[in-house]
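K.L.:
Have a look at this one before I ask anything.
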Amino acid sequence: YIGEFPTRLHSDLRHLVEMFRRGKQPRLADQRVAALEEAFLESPEGSGTPRSTAELRALVETWRAEGRASFDAEKYYDRERTAGYTEHNRGPQEDLSRRALQLCSLHTGFTVPAAERG
């Protein structure tokens, strides 16, 4: 829970959360960040609502850590999902591997079409 904010700040708040989630710097003008900081300060103390962008960043980091701790790769990458990824990436991965071998001057039995040769 982040709190209640004026409608005009929702998209900026979502931007902050998303950038913090990704570990990136937000791309908001200073006056927009100042408006968010002001809204944070207006939230009641003890409500669990962040009182600054720094507290929001810490809250998002907590969510990220909890998400990483609870992620189970064995459940996520089940047989069907793994087969889907394998099928989806089969052609591009094979092409990439062959091209890498060519760049290393190793024979692959694959020739680059004349139009693609530089």
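K.L.:
Below 13 angstrom from the Cβ of residue 42, what's the summed charge of the other residues (Lys, Arg +1; Asp, Glu -1)? All intermediate terms of the calculation are to be shown ahead of the outcome.
P.N.:
Numbers: positive: 51; negative: 4, 37, 38, 45.
Around residue 42, the surrounding residues sum to -3.
K.L.:
Sticking with this structure for a sec: Given contacts defined as C-alpha pairs under 8 Å and at least six residues apart, what's the relative contact order of segment 1-100, whole-number percent? All intermediate terms of the calculation are to be shown ahead of the outcome.
P.N.:
Details: 51 pairs, mean separation 25.5, N = 100.
RCO, segment 1-100: 26 percent.
K.L.:
Counting Lys +1, Arg +1, Asp -1, Glu -1, what net charge surrounds residue 15 among other residues with beta carbon under 15 Å of its beta carbon?
P.N.:
Neighbour charge sum, excluding residue 15 itself: +4.
K.L.:
Could you compute the FRET efficiency for residue 98 and residue 77, with r as their C-beta to C-beta distance and R0 at 25 Å, rounded to 0.05? Don't skip to the answer; put the middle values down first.
P.N.:
Working: r = 26 Å, r/R0 = 1.04.
My answer for the efficiency is 0.45.
K.L.:
Just flag the trypsin sites (Lys or Arg not before Pro) in segment 1-59 sitting in loop per DSSP whose Cβ has no more than 10 other Cβ atoms within 10 Å. If you can, show how the numbers build up before the last one.
P.N.:
Values: sites: 8, 14, 21, 22, 24, 27, 32, 51, 57; in loops: 24, 27, 51.
Filter output for segment 1-59: 24, 27.
K.L.:
Continuing with the same structure: Please compute the modelled spin-label separation between residue 90 and residue 69, points set 7 Å along Cα→Cβ, answer in nm with one decimal.
P.N.:
4.1 nm
K.L.:
Turning to a different aspect of this structure: Could you do me a favour and compute the accessible area per residue for segment 1-55, 1.4 Å probe, result in Å²? If you can, show how the numbers build up before the last one.
P.N.:
Details: 3730 Å² over 55 residues.
On a per-residue basis, segment 1-55 sits at 68 Å².
K.L.:
Next question, about the same structure. Taking the Cβ-Cβ separation of residue 58 and residue 8 as r and a Förster radius of 30 Å, what is the calculated FRET efficiency to the nearest 0.05?
P.N.:
Working: r = 25 Å, r/R0 = 0.82.
E(calc), rounded to 0.05, equals 0.75.
The values are calculated or read from the model by the stated rules, or taken from the named source; none is laboratory data. Since the model is a prediction, treat every value here as computed from it, not as a measurement. Here the Cβ is made from the backbone with ideal geometry for all residues, glycine too, and neighbour counts use every protein chain on show. Surface areas here come from the heavy atoms of the whole protein model, side chains and all, with no ligands, DNA or RNA. Shrake-Rupley method; radii C 1.70, N 1.55, O 1.52, S 1.80 Å.
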